[in-house]
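Worksheet: the structure to be examined is printed underneath.
The values are calculated or read from the model by the stated rules, or taken from the named source; none is laboratory data. Here the structure is a predicted model, which is why all the values come from computation and not from measurement. Don't worry about glycine lacking a Cβ; one is built from the backbone with ideal geometry, like all the others, and counts go over all protein chains shown. With ligands, DNA and RNA removed, areas are computed over all heavy atoms of the protein, side chains included. Shrake-Rupley method; radii C 1.70, N 1.55, O 1.52, S 1.80 Å.
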Amino acid sequence: MSGKPTFYITTPIYYVNDNPHIGHAYTTLACDVMARFMRLDGHDVMFLTGTDEHGQKVEKAAEEAGVDPLTFCDKVSESFRILARDWNFSIDDFIRTTEPRHVTSVQALWRKLVENGEIYLDHYEGWYAVRDEAFYAEDELTAGPDGQKLAPSGAPVEWVKEPSYFFRLSAWQDRLLELYDSQPDFILPDTRRNEVRSFVAGGLRDLSISRTSFSWGIPVPDDPDHIMYVWIDALTNYITAAGYPDEEGAEFKRWWPALHMMGKDIMRFHAVYWPAFLMAAGIEVPKRIYAHGWWTSEGQKISKSVGNVIVPSEIVARYGLDQVRYTLMREVAFGNDGDFSHRGAAQRCNHDLANDYGNLAQRVLSMIAKNCDGQVPAHGDFTTADHGLMDKAYGLLAVSREHLSVQAFHQMLQAIWEVIGDANRYVDDQAPWALKKTDPDRMATVLYVLAEAIRVLATLTQPVMPESSGKMLDQLAIGDDQRAFDSLNAEQALKPGTALPKPQGVFPRYQEEEVEAS
Ligand code: ME8
């Protein structure tokens, strides 16, 4: 063990009834940015993702595909692994709920809840939506176009009547409210916390946590006619991967509690049921539940029936991976809903990346290659303007930390782009091309200041755009061991005389003709 502080972050585990789309890629991307940021900032990180493979919804999907559930899960789960690889997600573990380590963990948690008197056997009678794998009360339902009852999510519901084990959720109402009130950043953003709080304040019913009408799931210990409700199974993945049931073990103590990220659709499960299960089992609650917003595509709800599903590999092929990573993290204030449009992505590629950032690096590095023997230039005394730019760049680390401490990715990027703007204005103001004849020493200083600012910028954009930022750092001859955030200070500034490789553009322009042709 390194003695570094630890950081544990999780994505939801995705249902294998469907292939990955932009929504899944988005949550995992946000976690990847967090994970990379924390690693560069001196933490030991565990970044977990995986697949949720049990339950009626997956059972039905396998049936429709005409294969047995596990074969079906193997195939779709693999497509989420491929997504992680293709999107350069720095995952440390990929969990599948069909793995033995998870079955052991869920059954251990169940036994613990039984031991603590939190589970009892009764009958469930009520509405269930297979698509959401959720129970609903009559007053939550709306009428569909043909009079059919629908869940708030729009999913059809069916009447279920069967014996069921229940979790005493109602008993946890006060302690949940206490948790939300005493730890105001337990649920973020605030709007979501308020929603959850009023849901809980409105009263909680005990939760049905087993079913007898299907078989694809983890059997209840000592009563295998009952299959565990898929959400108790799924949520437990977060502690399985940390080593549960060995909760006294070094691994578990090292990682737990985690920061859970997800879309707002499944916040209730994470912010109400999960902490209640954990408290009932005597386990520490998560560090935070962050529920981000929902993506639409060209202004429309993304759905298979509309045929507007955004396929992750297609947008990467079109714009480039780091371009897409940047667009998704920048285009929408994290936490809010957002719309993915071709126009927006093309603009981000050309305006923010090719013009502002790429062009800054390309201009500066080419001038250095041409006029400074391809070496980090020697600098003279720094002027106020020089210090102004470099200090603002160094200051970005503290600003970025503050924003990412509340997952405000867009604000971190805005702050970085402000400095990119400053650096571009500085180039124009200082006009190093003119200094070449009048004052070559001053030209060298100006180019040095710019190269140093680019070093800081490229170090800080690594979490969002690992590959492109890495290429920029390569061009500044920054070694792999000098790319962490503890290098972001004047003491570790570029060393004059260091030979630099031949500069190459990092962010190509997205061709406008194609934009218009599409
Ligand atoms: O709910 N915009 O899995 P799931 C933004 N297995 N995010 C989106 C999105 C969109 N349009 N569509 C999907 C499950 N997502 C359960 C989770 S966790 C213990 C179990 C993302 O495959 C978002 O993170 O339906 C959302 O919460 C998740 O995919 C739902 O994935």
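Just so you know, in the range 31-45 the residues that are within 16 Å of the ligand (Cβ to nearest atom) and in contact with a strand residue (DSSP E or B) (Cβ under 6 Å, 6 or more places away or on another chain) include one that is farthest from Thr71 (Cα to Cα), and it is Met34.
Meeting the requirement of 2 or more residues that are within 14 Å of the ligand (Cβ to nearest atom) and under 30 Å from Ser469 (Cα atoms), the helices (runs of 4 or more DSSP H) wholly within the range 263-339 are 312-319, 321-331.
So in the range 59-76, with the set limited to residues that are under 24 Å from the mean Cα position of the chain (by Cα) and within 16 Å of the ligand (Cβ to nearest atom), which one is farthest from Val324 (Cα to Cα)? Once the filter is applied, the top-ranked residue is Cys73. Inspect all residues belonging to the range 496-510 and state whether any of them is part of a helix (DSSP H, G or I), out of contact with any Asp or Glu (no Cβ under 8 Å at 6 or more places or on another chain) and open to solvent by less than 90 Å² (accessible area, probe 1.4 Å). There is no residue in the range 496-510 that is part of a helix (DSSP H, G or I), out of contact with any Asp or Glu (no Cβ under 8 Å at 6 or more places or on another chain) and open to solvent by less than 90 Å² (accessible area, probe 1.4 Å). Out of Pro257, Pro163, one residue alone is more than 28 Å from Gly50 (Cα to Cα), in contact with a strand residue (DSSP E or B) (Cβ under 9 Å, 6 or more places away or on another chain) and not in a helix (DSSP H, G or I). It is Pro163.
The requirement of being surrounded by 14 or more Cβ atoms within 10 Å (Cβ to Cβ) and either of a type in the set (S, T, N, Q) or in contact with a strand residue (DSSP E or B) (Cβ under 8 Å, 6 or more places away or on another chain) (or both) is satisfied by Ser210. Does the range 306-322 include one or more residues that are over 28 Å from Ile232 (Cα atoms), at pLDDT below 95, polar (S, T, N, Q) and open to solvent by 20 Å² or more (accessible area, probe 1.4 Å)? Yes; the residues of the range 306-322 include at least one that is over 28 Å from Ile232 (Cα atoms), at pLDDT below 95, polar (S, T, N, Q) and open to solvent by 20 Å² or more (accessible area, probe 1.4 Å). Checked against (1) surrounded by fewer than 19 Cβ atoms within 10 Å (Cβ to Cβ); (2) within 16 Å of the ligand (Cβ to nearest atom); (3) in contact (Cβ under 8 Å) with a residue 12 or more places away in the chain, Arg343 passes all but condition (2). Taken together, the residues in the range 159-180 that are surrounded by 16 or more Cβ atoms within 10 Å (Cβ to Cβ), at pLDDT 95 or above and among the hydrophobic types (A, V, I, L, M, F, W, C) amount to 6.
Residues of the range 218-243 that are open to solvent by 10 Å² or more (accessible area, probe 1.4 Å), within 14 Å of the ligand (Cβ to nearest atom) and either free of Cβ contacts under 8 Å to residues at least 12 places away in the same chain or in a loop (DSSP other than H, G, I, E, B) (or both): Ala241 alone. Here Ala25 fulfils each of the conditions (1) under 26 Å from Leu328 (Cβ atoms); (2) open to solvent by 40 Å² or more (accessible area, probe 1.4 Å); (3) at pLDDT 95 or above apart from (2). When restricted to residues that are part of a helix (DSSP H, G or I) and more than 9 Å from the ligand (Cβ to nearest atom), the range 1-29 contains 1. Here the range 251-262 is the region considered, the condition is being open to solvent by 20 Å² or more (accessible area, probe 1.4 Å) and without any contact (Cβ under 8 Å) to a residue 40 or more places away in the chain, and the residue that is farthest from the ligand (Cβ to nearest atom) is Lys253. Counting the residues of the range 323-340 that are polar (S, T, N, Q) and open to solvent by 10 Å² or more (accessible area, probe 1.4 Å) gives 2. Scanning the range 285-305 for residues that are of a type in the set (Ser, Thr, Tyr) and more than 27 Å from Phe507 (Cα to Cα), we see that the one that is most open to solvent (accessible area, probe 1.4 Å) is Ser305.
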